[in-house]
Amino acid sequence: MNAAKLSDGLLPATSTLALVDLVRDRAGGTTQEQLIRDLAASTPISWSRAWNTVAKLLGYGVIATSSTGLIRLAGDFAENPMTLISDSIARELVGRLVKERAWGCMRLDPSGMVTIDAMTMPKMGDGLGMWVTDFEIAARDRTEARFWEVTERYRAVFISAVREANAARPKHSKSAEKLAADLARQAEMGEAAELWVLEYERNRLRNHPFQDQIRRISVDDVSAGYDIMSFAAHSSLQHDLFIEVKSYGATKAFHWSRNEIATAAEFGEEYALYLVDRTRTYQSSYSPHIISGPSPEMFALPGSGWKVEATSFEHVALLG
């Protein structure tokens, strides 16, 4: 039998605990295949989700594989594994939020209540989100509820993790890498390109009521990850276009720093690269090469027309 994909998700809490009970009832151990067969015979579940749940419980240490290959409940958790599963789910969710810097999906009110916005929480194709509510890490008043309230037992876990993450995060200062990137841009007439794009945007949005608010950020904040704040359309009333300007000459190539890539991932379709051929900016009809919502992966796709080396990108001509 082939292993299931994580995107097939996990079993709900009731089925998961039924699976644990099956392992407990087989004190001598059982094979993974037989465990899934027995569970399928007593519970309406998909095999793939059951496989993924077994893998998750192995990772949490609720069950363990013996030297003979049989699955048993792990030591101290043979009597009541519920607490271990719940605590493990909370730690895993916190770990993902830390890794993805996704604390924006959480809110703390004056009473100490912590809520999670399910719409802005990182995607969890493996079904962890379902476990968060099923195992009462967080509660929701209805299935489609957007905001989940972290239960009192786990509030301190989330607050402590945020505190540690904030303490560990370095101040967003100008790094050596960013300084090198800035010096490279200056060598390539980057400042002139930014001024040209600023004028280009103001001309494009010449009738916009907030045209005067199209401005360069790079002169004030070298660590912003973009150079110019603008508006995507005349109908936009708040800044929704964040432009990183790249200047090039004979070869369409540019350096994209880690900070800029991270900013692009954060802003999504509101972020754009403006590639400016500095040999053509004197032409009144010239327009820059605009790449909206860029990601490193799109440049590496076969047939993209780009040659990628680390975080440097060079446009190459396609045959035919």
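Quick notes
- Distances between placed amide hydrogens fall under 5 Å for ALA74 paired with ILE63, ALA64, all partners being 5 or more residues away or on another chain.
- Largest to smallest in accessible area, the residues ASP109, ASP141 fall in the order ASP141, ASP109 (1.4 Å probe, all protein chains included).
- DSSP bridge pairs, the chain: antiparallel proportion in percent, nearest 5: 80
- Rounded to 10°, Cα long-axis angle of helix 13-25 versus longest principal axis of the chain: 40
- Per DSSP, loop trypsin sites (Lys or Arg not before Pro) in the range 242-289 with at most 16 further Cβ within 10 Å: ARG278, ARG280
- Taking 19 Å as the cut-off, the amide N atoms of the range 255-270 that come nearer than this to a point 7 Å along the Cα-to-beta-carbon line of ARG101 belong to 256-270.
- Of the residues ALA102, LEU35, VAL162, the one whose Cα sits farthest toward the positive end of the charge dipole of the chain, with +1 on the Cβ of Lys and Arg and -1 on the Cβ of Asp and Glu, is LEU35.
- Extended-chain gain in nm, criterion 0.36 nm per residue less alpha-carbon gap, THR151 and VAL316: 53.9 nm
- Sequence-separation-based contact order of the range 47-172, relative, with Cα cut under 8 Å and 6+ spacing, percent: 19
- Every pair of different Cα atoms in the chain enters the Kirkwood calculation, which places the hydrodynamic radius at 23.8 Å.
- In the assembled protein chains, MET130 presents an accessible area of approximately 60 Å² (probe radius 1.4 Å).
- In the complete set of protein chains, residue-level accessible area for TRP256 is approximately 0 Å², probe 1.4 angstrom.
- Database remark: amide H of VAL150 closer than 5 angstrom to the amide H of VAL114, THR115, ILE116, ALA139 (H placed geometrically; neighbours at sequence offset of 5 or more, or on other chains; Pro and chain starts carry no H).
- Across the range 106-118, computed HN-Hα scalar couplings (Karplus, 6.51 cos²θ - 1.76 cosθ + 1.60, θ = phi - 60°) run 10, 9, 10, 9, x, 7, x, 6, 10, 10, 10, 8, 5 Hz from first to last residue, x flagging Gly and Pro.
- Placing +1 on each Lys and Arg Cβ and -1 on each Asp and Glu Cβ, with no other charges, gives the chain a dipole about its Cα centre of roughly 240 debye.
- Whole-number percent relative contact order across the chain, with pairs defined as alpha carbons under 8 Å at least 6 apart: 10
- In Hz, Karplus ³J(HN,Hα) per residue of the range 208-213 (6.51, -1.76, 1.60; θ = phi - 60°; x = Gly, Pro): 6, x, 10, 4, 5, 8
- Compared with the alpha-carbon gap, the fully stretched path from THR68 to ASN203 is longer by 41.3 nm at 0.36 nm per residue.
- LEU301/THR43 FRET efficiency (R0 30 Å; Cβ-Cβ; nearest 0.05): 0.10
- Per residue value of the accessible surface for the chain (all protein chains in place, 1.4 Å probe), Å²: 55
- Tally of Lys pairs whose C-alpha atoms are under 29 Å apart, taken over the chain, 8 or more apart or cross-chain: 19
- Angle between the chain longest axis and helix 176-187 axis [Cα atoms, degrees, rounded to 10]: 30
- Once you divide the Cα radius of gyration of the range 74-171 by 2.2 N^0.38 Å, the number left is 1.10.
- Angstrom value of the Kirkwood radius, inverse mean 1/r, which spans all Cα pairs in the range 193-320: 15.3
- Calculated FRET efficiency for the pair ARG142/ASP221, C-beta based, R₀ 45 Å, to 0.05: 0.60
- Summarising the strand pairing of the range 214-320, around 70 percent of its internal DSSP beta bridges are antiparallel.
- Distant-in-sequence amide H partners of MET106 (H built 1.01 Å from N, under 5 Å): ASP117
- Label positions at THR251 and GLN213, each projected 7 Å from the Cα along the C-beta direction, are separated by 4.1 nm.
The values are calculated or read from the model by the stated rules, or taken from the named source; none is laboratory data. For clarity, every value in this text was computed on a predicted model and none was experimentally measured. Every residue, glycine as well, gets a Cβ built from its backbone with ideal geometry; the counts of neighbours run over all protein chains shown. We work out accessible area using only protein heavy atoms, side chains counted, and drop any ligands, DNA or RNA first. Shrake-Rupley method; radii C 1.70, N 1.55, O 1.52, S 1.80 Å.
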